[in-house]
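In what follows, a structure is listed as structure tokens, so that the remarks can point back to it.
Rule-based calculations on the coordinates, nothing more; no lab input. These numbers were taken from a predicted model, which means no experiment stands behind them. Counting neighbours? That spans all protein chains shown, and the Cβs are built from the backbone with ideal geometry, glycine included.
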Amino acid sequence: MEKLFELVIDELDESGVSMVAIVDLPAIERDFQKFKQAEPLTFKVANDEKRIASGYCLIADLPIYRWDEQTGDHYVVFRKPTIEKIVNKFMKQGLNAEVNIMHESPTSDVYIFESLLIDKDRGINAPDGFQDAPDGSWFVSMRVDNDEVWSEIKKGTYKGFSVEGMFAKEEAIPTDEQIIDAAIDTING
């Protein structure tokens, strides 16, 4: 595996997530689910179509591939404590309506109305169909009142969420594979 860096934020500067994008290929490789009135859910809505898209914005400890000129091929991860800081800062700043399409086009009438930090110790479990993410992952539901965006979600053009913002890279951290290789090297002398 290439180098692995942890992405972090500072609660006192401008770092953190500033927007959530609706995208065709989420970096976390998890699609969201679309909910319509005909599907059995615990949501109670009075209209014909619920227009809710739900999924993960960040998955704790998931290596995400990146490339840049300075580092080349590498992976980044968000750890549980950093994700908690990101979500707290995002909510405190009231950024739940900061949504765009494909990291390019701001959109209106789309906003986060539910936000969960998965934490089994507190009884905050992943919703049905999303149990494969570890504690510390950030799950959201968006209300999509924008007809054009909802149409594209239903068509399958957009499949998930992607965060954008400013993050600092911590020093490269060893991967499990590198730790195992080092242990074998030590044992073999």
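Below, the figures for the structure above:
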| item | result |
| --- | --- |
| Likely footprinting exposure, MET142, MET19, MET91, fewest C-beta neighbours within 10 Å first | MET91, MET19, MET142 |
| Two-site label geometry, ARG122 and LYS92: point separation in nm, points 7 Å out along Cα→Cβ | 1.4 nm |
| Å³ per residue enclosed by the Cα convex hull of region 47-117 | 140 Å³ |
